[in-house]
1. Using a 1.4 Å probe on protein heavy atoms, which residues of region B:113-130 have at least 40 Å² less accessible area in the complex than alone?
2. Return the long-range amide H neighbours of A:Ile87 (sequence gap of 5 or more, or a different chain), with a cut-off of under 5 Å between placed amide H atoms.
3. Could you run the Karplus curve 6.51 cos²θ - 1.76 cosθ + 1.60 with θ = phi - 60° over region B:104-114 and give me ³J(HN,Hα) per residue in whole Hz, x for Gly and Pro?
4. Could you compute how much accessible area chains A and B hide from each other, both sides summed, with a 1.4 Å probe? Nearest 100 Å² is fine.
5. Pop out the Kirkwood hydrodynamic radius of region A:175-321 from its pairwise C-alpha distances, inverse of mean 1/r, in Å to one decimal.
6. Run through the DSSP bridge list for region B:148-295 and note the antiparallel percent, rounded to the nearest 5.
7. Hey, how much of the P(r) for the protein assembly as shown falls beyond 33 Å, as a percent of Cα pairs?
8. Counting only C-alpha contacts under 8 Å and six or more residues apart, can you give the relative contact order of region B:148-295 as a whole percent?
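The values are calculated or read from the model by the stated rules, or taken from the named source; none is laboratory data. On a predicted model such as this, the values are computed, not experimentally measured, just so you know. Neighbour counts run over all protein chains shown; Cβ positions are idealised from the backbone, glycine included. Calculation scope for accessible area: heavy atoms of the full protein, side chains included, ligands and nucleic acids excluded. Shrake-Rupley method; radii C 1.70, N 1.55, O 1.52, S 1.80 Å.
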Amino acid sequence: MNIHIQGGQLIDASQGIDKTCDLYVADGKVVAIGDQPEGFKADQVIDATGKVVCPGLVDMQAHLREPGNSHKGTIASESAAAVAGGITSLCCPPDTKPVTDTTAIVELIRLKAEKAAKANVYVMGALTKGLNGEEISAMQSLKEVGCVGLSNAHHPIKNTQVLRRAMEYAKTMEITLFLHAEDPWLSDGGCAHEGVMSTRMGLTGIPSCAEEAEVAKLLQLVEMTGARVHFCQLSTAKAVRMISRAQFDGLPVSADVAAHQLQLSHIDIAEFNSLCHVQPPLRSERDRDGLRDGIMQGVIGVICSDHQPHDKDAKLAPFAETEPGISALESLLPLALRMADLEMSLIDIIASLTITPAKILGIPAGSLEIGCTADICIFDPEEYWMLSEQSMLSSGKNNPFIGRELKGRVHYTLLAGTVTYQLSD
Amino acid sequence: MSRRNIQLDEQNKLRHFITVEGLKRQMLVDILDTAENFLGLGARKTKKVPLLRGKTVANLFFEPSTRTRSTFELAAQRLSADILSMDIKTSATSKGESLLDMLQNLEAMGVDMFVVRHGSSGAARFIAEHVAPHVSVINAGDGCHSHPTQGMLDMFTIRKEKGEFAPLTVAIVGDILHSRVARSQIHALTTLGVTEVRVVAPRTLIPADVATLGVHVHHEMESGIKNADVIIMLRLQKERMQGGFLPSEAEYFKRYGLSEARLKLAKPDVTVMHPGPINRGVEIASNVADGEHSVILQQVTNGIAIRMAVMSMTLGRPEIEMGEPK
């Protein structure tokens, strides 16, 4: 199957390309950029005039809910939603049921993803057995079956000695740790940023310090052990500054932020809007600005969806009793593109959605170099559209941007040279 | 464009009573004036008026309460409503029935009003968002968020004692962090336009950024109640010792308890209030609780009048004149 993608604005941060030119795909791979190779006969021509052609997006954190919570979403339903959002590679955290702490679960997820054949699903293994925070998992075995990293998801590792051993062992096995920095004591029972809104609404607060204190501790352990650590879904400005300093000092640390954290703040939980109940909580405008600065300066390299689809009932309760999270695959790209309003260049935004997360995960994705697998996203950066429950492919309809106009719409998604999503008129 | 206040109907009349926050001063004054009309009723031989005859009120108490629950029951009965009181801890939700399923079942039984006490902030609002259009919801306390009838009965008591709000300095002392009562009082006092609202507590019991609610924060009891016209003492929950908020009741009383000696720092005609139930010797000395400045028992009496006012305003037809009972 030969595909000729015609007239689009090709943006590939991995090669520093941002120009209007054609792209040629054959046998699932990129074969030429610009001029048509000799003897190339297109079976399909995609007119990308006025659209951006970029590598398929790489989403570092997306809960697919399977195994264990298939009433909220399945690997099939959520990977279909992913490609509708232009995402061709995604990474699922280990807080499945049962926990992804054995090779069998990793293989199960991989099989289901292959059967769905929509997007590449990468698996994050559990850092501790059953995510209990006490015994380290069989890291080497998990790595051998293809886990791209290890994480304890939102389950705390309270014992600092366990954390130290986990880092030392991971360093030995050369595995990256993906950690959520949240002090379990300071955040205990909380559901909202501690500040004006939590006070007004009488919600138990999670102080910014819960993240900052944990980041400080983890950075000391990184310095001690040399382990490679990625900080997942930062929420405070101060944590960004601390990580910036650590990067300056040469520590092997990186970070990501969920797209909604760049656009919403704790004000949005007003009127007990459970769709804005997320973990870590939406914080102050100052924190949101700090996160934006972090992205612009490259301290935070990655924008992810932190996709968490829920069944309807999970959000139908008093605020604190609802389950946190946003069904975010289909709003990832338009929310990230809003960074362009702050003078961030399109190529830098795309880097944070493609090559940078691919490099941190160590996966072959995020690039359209000749010879690379043709995972491609084609979107119109100027098109306005309305996110609605009906239009969402994810099983979870929990997204606070439903009913709002978003800018930037995916028209085609290709996985290994095959169209897996095409916008219907 | 601002969204409409869920508590008001199309004519800007009170439909639900979820929180004091966001209501206009005139609405609060209307509630107080209506309560004034009902106050005399308790002393009459026949205490009932037919305002809510034929209406059914369901008391849904997800948290234990004696005072609030019984005053709501009395208020409903005096308005001639049928009342159904449910203690939910022993009821359906423990069998896994969801809150919304339970509400729909009660609506199917023809309930016109829910009076809700719930441990989770926002619960009353959540219920109000999901009830049928003819049903009213009264918040009888949700988590640490709001307890608006308590807040208003305290305003009623203050108005009875002091006449007007403008010149007053009011000190609220105690566990502000966990207090829905304090939040309702603060919103009511600032809306009614008092001179100064103070909150007094150690830092462990003061919520973050509380000054944004328009209050002055004091950590010393002495400065906090100095020249106050009204002192509202909050109940100290025993659980606060376990949470590490305070070392001991004795130490709390030493620093923040309202003793006779301390009371002298306030205005000579100071009014002492407490939403009850009181812990004698923990937040307030017995002789102060029972002393000449205390209006703690009047607060309870006033509570019935306020609850009748709010119930009749949301559900009844205020245009019907209160006739003399036959």
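1. B:Ser120, B:Ser121, B:Arg125, B:Phe126
2. Those lying under 5 Å, H to H, from A:Ile87 are A:Leu57.
3. Once θ is set to phi - 60°, the couplings for region B:104-114 become 5, 4, 5, 4, 5, 7, x, 6, 9, 8, 10 Hz.
4. Working: alone 16710 and 14680 Å², together 29800 Å².
The summed interface area works out to 1600 Å².
5. On the way: mean 1/r = 0.0640 Å⁻¹.
Radius from the Kirkwood sum: 15.6 Å.
6. Values: 0 of 18 bridges.
If I count the DSSP bridges inside region B:148-295, around 0 percent turn out antiparallel.
7. On the way: 161568 of 281625 pairs.
Value for the protein assembly as shown (Cα pairs over 33 Å): 57 percent.
8. Values: 262 pairs, mean separation 35.8, N = 148.
Rounded, it is 24 percent for region B:148-295.
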